[in-house]
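Report on the structure given below.
All of the numbers you see were taken from the coordinates with simple rules; none came from a lab. This one's a predicted model, so the numbers in the text were calculated from it and none came from an experiment. We place every Cβ from the backbone using ideal geometry, glycine too, and count neighbours over all the protein chains shown.
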Amino acid sequence: MKVVVYGFGNQTYYRDILKVSESLGGEPPYGGSRMALEFAEAGHEVFLADPRMETIKTEFKQKLLDAGVKLTTDDIEAAKDADVAVLFTPFRSGLTIKIAERIIPHIGNDAVIATTCTMPVLVLETSVRNVLFMEDREDIGFSTLHPAAIPGTPQHKHYFIATNELLEEEIVKPHQVEKLKKLAEDTGKKAYLIPAELISPIGDMGVVATAAAAVSALEYYAVSKSVLQTTKAMTEFQLSQAFQVVSSIISKYGIEGLVKFLNAEPLKKSLKSMLFDEKIQKVSFAAMKSLENISDIEGVIGSFDDMASKFKPEERTFLSAPSSMLISYMEDLAGEDVTRGIVREALKKLYCDESN
């Protein structure tokens, strides 16, 4: 099949900031270019498009050319009759949407556009609906080929492919998912089919928090059931409220706000009263240990006092109610279409803010 990858990958970032070769292994080029190279080595016709192609090292480009990858700065040229378009483009930038809008009239019939770690696929699909309608391209599907590791490193042994599960409206057809699955497996990678809403929390860098949160939720449920004997509904609400508050503080007030509000001392005192079984509560006991040694974290990110002093709550926000509940109640008050329209536009603005 014909595959086009948009975005070479920031090799300077991989080399100088992450020091990928030393810390994770593998060899450059990394990122989108490595994906393109592996697709070509698997026997597919591959284009790699990037506007900065002239600035990229000749040795990296030669590796791709030797593998059969066609290099271009022309998005439309690369897109013509493509079966799969992969967006390895900047995170939270309007560029991803602009490229998708530009190529929609030109990619092949029944093609699929796949994001990587760029933005949630639901945001992209929502953002280009008008173009799909105007160009009469409802045949196009939207999913992901999320590497969930840096392509080119030994850790990259899989792809996360987004499905329609949990969605009210279909964004990708089953045979298009199978197309992406085959592409992943052709490169020797394992394909995981995951609900679209979960791709970013599981696949992006925030997975370290997602994993800890998920395990801590199961721990608390186990303790709630065996020791506290509270109702399942009460346990679930308390869990969702706890995660919602932390999430809301960070999204509204940043890390400085988190440091300001979540004082380590009251956290330790409260957590200590909830430590019952170290065999079950591994995350909870580890959290207590981290709180007791929180100066280790402070030594890396800077003085907590200084961070807290920078926090100025100029605007208030709602922190406690789980967002899904708020949306449900908003639908009752304002109507489903109005509420969902507002949410869609808000998500688009969130991920198109080029200042982030």
(request) Take the alpha carbon atoms of segment 1-71, find their center, do the same for segment 225-264, and report the distance between the two centers in whole angstrom. (result) 41 Å
(request) List, largest first, the extents of the alpha carbons of segment 134-238 along their principal axes, each in whole Å. (result) 55, 39, 20
(message) Can you compute the FRET efficiency between Tyr13 and Lys225 using 1/(1 + (r/R0)^6), with r the Cβ-Cβ distance and R0 = 41 Å? Round to the nearest 0.05.
(response) 0.35
(request) Identify which of the listed values of Cα extents along the principal axes in Å was calculated from the structure shown: (i) 62, 52, 42; (ii) 75, 47, 41; (iii) 61, 47, 40. (result) (i)
(request) At most 15 other Cβ atoms within 10 Å plus a DSSP loop assignment makes a site exposed; report the longest stretch of the chain without any exposed GluC sites (Glu not before Pro). (result) 1-134
(message) Using only the alpha-carbon atoms, how far is helix 58-67 inclined from the longest principal axis of the chain? Give it as 0 to 90 degrees, nearest 10.
(response) 70 degrees
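Note down, for segment 1-109, the three equivalent ellipsoid semi-axes (square root of 5 times each alpha carbon gyration tensor eigenvalue), biggest first, whole angstrom.
Details: eigenvalues 107, 54, 26 Å².
Gyration-tensor ellipsoid for segment 1-109: 23, 16, 11 Å.
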(request) Compute the projected area of the convex hull of the Cα atoms of segment 54-108, averaged over all viewing directions, and report it in nm² to one decimal place. (result) 4.4 nm²
(request) Starting from the Cα of Lys279, step 7 Å along the direction of its Cβ; do the same at Gln155; then give the gap between the two resulting points in nm. (result) 3.3 nm
(request) Report the FRET efficiency, 1/(1 + (r/R0)^6), for His175 and Glu45, where r is their Cβ-Cβ distance and R0 is 22 Å, rounded to 0.05. (result) 0.65
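Could you please tell me the mean projected area of the C-alpha convex hull for segment 80-142, averaged over all directions and given in square nanometres to one decimal? Before the final figure, lay out the partial values.
Working: hull surface 14.1 nm².
Average of the hull's projected areas for segment 80-142 equals 3.5 nm².
Answer rounded, prolate or oblate for segment 241-336, using the Cα gyration tensor with square roots of eigenvalues a ≥ b ≥ c: rounded when a/c is under 1.5, else prolate when a/b is larger than b/c, else oblate.
Cα axes put segment 241-336 in the oblate bin.
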(request) Across segment 118-191, how many lysine pairs, 8 or more positions apart or on different chains, have C-alpha atoms separated by under 17 Å? Please give the number. (result) 11
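Express the relative contact order of the chain as a whole percentage, based on alpha carbon pairs under 8 Å and six or more residues apart in sequence.
Reported relative contact order: 14 percent.
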(message) Cut-off under 16 Å on the C-alpha distance; same-chain residues fewer than 8 positions from Lys289 excluded. Which lysines are left, in chain and number order?
(response) Lys268, Lys269, Lys272, Lys279
(message) Using a 7 Å offset from Cα along Cα-Cβ at Met1, what residues in segment 150-174 end up with backbone N under 19 Å from the label point?
(response) 158-165, 170-174
